[in-house]
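Asks: Here's a structure for you.
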Amino acid sequence: MKKRFTGNTRLFLCISGAIIVIALIMQIVGVGLNLGIDFTGGSLLNYSVGEDYDVADVETILASAGYEGSQVTKAAPSDASIALQAELAQKAAEAAAEPEEEVAEETETHVHADGTVHEGSHDEEAEAEEAEEFVPMLNLDKSSVKADGLTDLQIRLNLVDESEGLEQAIADAVAAQFPGATQLSYGALTNSTIVEKGLDVEYSGGYIAEFEIGAEFDSAAATEAVKSALAENFSLIDAVALRYDAAAEAETAETTETETETEAEAEAETTETEEVEESGTNLRVLVNIDDQASQVRGLLEKEMTAKYENFRFVSVDHVSAIAGRDLLGNAVKALLIAFACMLIYIAIRFDVFSGLAALFGLIHDVLIMCSFMVFFRAFFQVNSSFIAAVLTIVGYSINNTIIIFDRIRETAKKPGYTQKPRMEIVEDSVANTLSRTINTSLTTLITLVALYVFGVDSIREFAFPLIVGMLAGTYSSVLLSGQVWAMWMEKRNARKAQKKA
């Protein structure tokens, strides 16, 4: 009898062992798993581009600044991104509809030191000089940009959150100036917040905190208090404290869209010129610090806006290294609990050796998945999606293994099989269940390959380890788990026979 599934078990074990050992050596020498910010800590920047764009442009900008280990992902537009782009489109349409005489600035004549004469406003002259100095590094031709409808941008960078403790520092500064102050909110200053609050839409970077003071106060004194408190521990670029009326803002939000825009423009003008008296008993603190995340944001917005005019920052999320260690620890605990529960279940339903063999197959599948993530570290980072893929494969692989062990138990009870070697029972059982195993695995694999081919980068990051795990699970279920069980059972039977002799 030709043993197709049990004749080369040691060879199959050696193949798997070689793959795992090579990956382990690569891990030891420093070219192992490419851990993402979910484990190492870092920052996740979210942008709204407003049109189809080329990922290579973003990678070029980051590479020019020396930011390595970044992961750039295209994404479908989020609700915040859609609302932001709609706001920008509406403002652009209104600006285009305004009569030229209403938006035209007074023309002034300026004589430069070299004797040349320039006609135009100071702002126009400053903008012209800035335009002459700035040379974009990107090719502004958009003809080669692929139209896929993925107009949002996500960037993972291994940047430390230098704003840690900023919220508490702002709260302490405000509390020292206004003992009865109550903090209402805190977060990164985003474009959606800028539009909602009627602030300057071109403002980029920074953080915003809001407080209820309960009485009228001097915003200039609050600004100085915040600046002096933050300058000691943070690389402060600027900080400003503004008075506002929270109740009035809530009422304004319920008015017509035209009224909302008019009041927002009036508030922005008040903020810039300070000619109109501030009102209200609420305090809004805007802080901008010179951290790496802000530097990346400034560079990206300057370069990308030159080619994609509606490129806007949406949000930034920071993940600490401690949170990454907690995530990894929880993932290991989840795997250990799953392994223990499966071992107990299979040992009760079949026997202890079946449970240990099934556990061996699961560990094999997880190690193979980790090994291929090492081999393809240049293309994929290990993030929380990889943990989800591992847990998915553990559940899927054990299903195939249980089917085979169930058939092994049934076959062993058939007449004529009770005295047969265990390897022959495994051979027949695997052969009988092979078509079912291949059909279930193949249909799932086709779906996963389609997800990988047609999905975005974030989907591929999840689909790739699933594909590897699916192949490894089928491999271990058909060629390893039952065979390892048979080897252990035959050794146990041989020891029993030896004792009897």
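What follows draws every value from the coordinates through simple rules; no lab data is involved. Note that the structure is predicted; figures quoted are calculated from it, not measured. In this analysis, Cβ positions are derived from the backbone assuming ideal geometry, glycine residues included, and neighbour counts consider all displayed protein chains.
Asks: Under 1.5 on a/c is rounded, so check that first for region 422-501, then, if it is not, pick prolate when a/b is larger than b/c and oblate when it is not; a ≥ b ≥ c are the square roots of the alpha carbon gyration tensor eigenvalues.
Replies: Note, shape of region 422-501 comes out oblate.
Asks: Under a crude label model (7 Å from the Cα following the beta-carbon direction), how far is T305 from A231 in nanometres?
Replies: My value for the distance between the label points is 2.8 nm.
Asks: Filter the cross-link list K420/K491; K413/K496; K74/K142; K414/K496 down to pairs whose alpha-carbon distance in this structure exceeds 19 Å.
Replies: Table pairs above 19 Å Cα-Cα are K413/K496; K414/K496.
Asks: Kindly state, to the nearest 0.05, the FRET efficiency for D326 paired with R4, given R0 = 45 Å and r defined as their beta-carbon distance.
Replies: Efficiency, rounded to the nearest 0.05: 0.45.
Asks: How big is D, in µm² s⁻¹, for region 354-412 by Stokes-Einstein at 37 °C and 0.692 mPa s if Rh is the Kirkwood radius over C-alpha pairs?
Replies: Diffusion coefficient, whole number: 257 µm²/s.
Asks: For L184, which sequence-distant residues (separation of 5 or more, or a different chain) have an amide H within less than 5 Å of its own amide H, given hydrogens modelled in the peptide plane?
Replies: E210, F211, E212
Asks: Can you list the trypsin sites (Lys or Arg not before Pro) in region 1-80 that are in a DSSP coil and have 11 or fewer other beta carbons within 10 angstrom?
Replies: K2
Asks: Mind running the shape call on region 357-470? Use the C-alpha gyration tensor, a ≥ b ≥ c as the square roots of the eigenvalues: rounded below 1.5 for a/c, prolate if a/b tops b/c, oblate otherwise.
Replies: prolate
Asks: Using modelled amide H (1.01 Å from N, peptide plane; none on Pro or chain starts), what sits under 5 Å from the amide H of S315, excluding residues fewer than 5 places away?
Replies: Counting only residues 5 or more places away or on other chains, the set is N46.
Asks: Along each of its three principal axes, how wide is the spread of alpha-carbon positions in region 328-370, in whole angstrom units, largest first?
Replies: Projected onto its principal axes, the Cα set of region 328-370 covers 32, 20, 9 Å.
Asks: Can you check how the C-alpha radius of gyration of region 281-321 compares to 2.2 N^0.38 Å, as a plain ratio?
Replies: Normalised Rg, Cα atoms only: 1.51.
Asks: Whole angstrom only: what separates the Cα centroid of region 437-481 from the Cα centroid of region 1-46?
Replies: If you average the Cα positions of each part, the centres end up 16 Å apart.
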